[in-house]
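Let me begin by presenting the structure, written as structure tokens, before commenting on it.
The values are calculated or read from the model by the stated rules, or taken from the named source; none is laboratory data. Everything quoted here is computed from the prediction, not taken from an experiment. Cβ sites come from the backbone with ideal geometry, for glycine too, and all protein chains shown count toward neighbours. Just the protein is used for accessible areas: all its heavy atoms, side chains included, with ligands, DNA and RNA removed. Shrake-Rupley method; radii C 1.70, N 1.55, O 1.52, S 1.80 Å.
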Amino acid sequence: MDVTLHLAQDPEADALLGRSPLAALTGMLLDQQIPMEWAFKGPAVIAGRLGAEDLDAHEIAVMDPEAFAALLSAKPAVHRYPGSMAKRVQQLCQYLVEHYDGNAELVWKGVEDGPELLRRLQDLPGFGRQKAQIFLALLGKQLGVRPEGWREAAGGYGETESFRSVADITGPESLAKVRAHKQEMKAAAKADKATKAAKVTKAAGK
């Protein structure tokens with residue numbers, strides 16, 4: 001795996017994401033409740049604090065949990081919730097060691113169809129269906145991993161010429177479009193919630 005990504009909007013961090021399957025998976029894991037660039041810069045920050053050029057699943061899996069949490073918590077923190085995310089990163093690495101000999105690329109290497117790849121991704125600690133579909137779309141759109149039926153397995157995130165997720169970010173312009181889409185989705189969800197709450201209140205007042 002050696003491609004050019006633009007998810008962290010930072011040359012060194014993006015270079016690591018493009019050459020390291022574990023870094024890409026870890027960035028996807030961190031991508032929640034913080035800006036996307038912050039999440040995908042995380043793997044490079046972790047590697048740097050470990051004094052390494054890349055992440056090593058075997059090393060992270062056996063680290064003292066408190067020491068690893070402290071490493072993610074040091075300012076600037078890797079995540080808004082560094083303690084809980086440190087635990088999730090370690091759980092991911094422990095799973096990879098147990099099931100894939102610590103080689104993150106084996107999660108998708110040689111997989112023949114999209115549904116099987118989606119299942120494998122969903123089995124990873126911290127990866128629900130939506131996160132798994134987004135990463136599957138990233139694999140297909142930017143990392144050249146395209147087993148039969150991958151677009152269908154990725155759902156809406158696999159659509160061409162869409163700007164729904166990190167899978168569609170190739171530079172600042174597309175990042176802005178993806179961020180705008182996410183804001184629209186949040187606003188729609190908020191409006192829907194308010195409408196439902198109003199209906200409940202109205203029904204209760206009858």
Counting only the heavy atoms of the protein chains, how much of His58 is accessible to a 1.4 Å probe, in Å² to the nearest 10?
-> 80
Can you list the aspartates and glutamates whose alpha carbon sits under 20 Å from that of Lys41, skipping same-chain ones fewer than 8 residues off?
-> Asp2, Asp10, Glu12, Asp14, Asp31, Glu53, Asp54, Asp56, Glu59, Glu105, Asp168, Glu173
Estimated dipole of the chain in Debye, rounded to 20 [Cβ of Lys and Arg +1, of Asp and Glu -1, Cα centre] = 1620
Taking all protein chains together and a probe of 1.4 Å, list Lys109, Lys41 from the most accessible to the least accessible.
-> Lys109, Lys41
Tell me, what is a quarter of the convex hull surface for the C-alpha atoms of the stretch 108-206, in nm² with one decimal?
-> 8.2
What is the spin-label model distance, in nm, from Glu152 to Gln122 if the labels are put 7 Å beyond Cα along the C-beta direction?
-> 1.5
Please give the helix 21-30 orientation as an angle from the longest Cα principal axis of the chain, in degrees from 0 to 90, rounded to the nearest 10.
-> 40
Percent relative contact order of the chain, based on C-alpha pairs within less than 8 angstrom and at least six residues apart?
-> 16
Quick calc: nm separation of the 7 Å Cα→Cβ label points for Met63 and Ala198 -> 4.9
Okay, helix-only estimate at 222 nm for the chain: each DSSP H run of n ≥ 4 adds -39500 (n - 2.57), divide by all residues, round to 500 deg cm²/dmol; what do you get?
-> -19500 deg cm²/dmol
Would you mind checking the pairs Lys141/Lys177; Lys109/Lys141; Lys87/Lys190 and listing those with alpha carbons more than 19 angstrom apart?
-> Lys87/Lys190
Fraction of accessible area attributable to carbon and sulfur, the stretch 1-56 (%, probe 1.4 Å) | 47
Does the stretch 1-101 come out rounded, prolate or oblate, given a ≥ b ≥ c as the square roots of the eigenvalues of its C-alpha gyration tensor, rounded meaning a/c under 1.5 and, failing that, prolate meaning a/b above b/c?
-> oblate
Any chance you could run the full-extension gain for Lys186 through Glu159? It's 0.36 nm times the residue separation minus the Cα-Cα distance, nm to one decimal.
-> 7.7 nm
What number in nm² do you get for the chain if you take the convex hull of its Cα atoms and divide its surface by four?
-> 13.4
With point charges of +1 on the Cβ of Lys and Arg and -1 on the Cβ of Asp and Glu, referenced to the Cα centre of the chain, which listed residue (Phe163, Ala198, Gly110) lies farthest in the positive direction of the dipole?
-> Ala198
Could you tell me what percent of the accessible area of the stretch 123-206 is made up of carbon and sulfur, with a 1.4 Å probe and every protein chain present?
-> 54
Diffing the stretch 157-164: the Karplus 3J(HN,Hα) column from phi (6.51, -1.76, 1.60, θ = phi - 60°), in whole Hz with x for Gly and Pro, holds 5, x, 5, 6, 6, 10, 9, 9
In square angstrom, what is the accessible area per residue of the chain with a 1.4 angstrom probe?
-> 52
At R0 = 35 Å, FRET efficiency that the Cβ-Cβ distance of Asn103 and Ala176 yields, to 0.05 | 0.50
